[in-house]
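Encoded as structure tokens, the structure appears first; notes follow it.
The values are calculated or read from the model by the stated rules, or taken from the named source; none is laboratory data. Everything quoted here is computed from the prediction, not taken from an experiment. As a convention, Cβ positions derive from the backbone with ideal geometry for all residues, glycine included, and neighbour counts pool all protein chains shown. Just the protein is used for accessible areas: all its heavy atoms, side chains included, with ligands, DNA and RNA removed. Shrake-Rupley method; radii C 1.70, N 1.55, O 1.52, S 1.80 Å.
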Amino acid sequence: MGAEAPVTKPALVFTYGTLKQGFSNHILLQDMIATGDATFLGFCRTLHPLPLVCGPYRVPFLLNLPGRGQCVSGELYAVSPAAIARMDELEGVTKGHYERLPIQIEIDGRTASAEAYYAHPSYAEALWKRNGEEGYNCYTEKVAKGYVKRKDRPHHLTFLDQIRLFVDSHSDPAHSG
């Protein structure tokens, strides 16, 4: 037997926002499914309540604030290491936009461990307060109404600047967008 590459187990990733079917960033997952780098495993929800809120441009954020918010519905994917790298890039992990952390989910009556992209802790608590400490249980078309694609956002500000401006604004989040 020759030297074979080690078999890497696909990672399980819980998607709750724009990566879900029917939303703008799902094209990335479709591309990865086409190349065999991702597999849709089913619809699921978080085992424990977590806040799901919208930030600037109706961008969804899962907040790592256990016990607050609601159980969040989403989709579960098995993804290759190459796919994880592409997802990390989309989610701005190295830029401090999101962080990928473990999450417990419920799928088909079973509990599973997966990973999810959470708002970076540098602004998560402020985002929760800015949303009136109320979150959603699902990022739906109605919740996403007013979502602005990355290419259509102002380019003179970084995404973190946009988040800071959003958090510092005092308009009622329930009526913005």
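When Glu89 is tested against (1) of a type in the set (Asp, Glu); (2) in contact (Cβ under 8 Å) with a residue 60 or more places away in the chain; (3) open to solvent by 60 Å² or more (accessible area, probe 1.4 Å), just one condition goes unmet, and that condition is (2). With the structure loaded, tell me whether Thr111 is closer than 18 Å to Gln162 by Cα and either open to solvent by 10 Å² or more (accessible area, probe 1.4 Å) or not in a strand (DSSP E or B) (or both) or whether it fails that test. Against the criterion (closer than 18 Å to Gln162 by Cα and either open to solvent by 10 Å² or more (accessible area, probe 1.4 Å) or not in a strand (DSSP E or B) (or both)), Thr111 does not qualify. Name every residue in region 21-55 that is more than 13 Å from the chain's Cα centre (by Cα), small (Gly, Ala, Ser) and surrounded by 18 or more Cβ atoms within 10 Å (Cβ to Cβ), in order of residue number. The answer is Ala38, and nothing else. Note on region 8-20: among residues that are in a loop (DSSP other than H, G, I, E, B) and not small (Gly, Ala, Ser), the one that is most open to solvent (accessible area, probe 1.4 Å) is Lys9.
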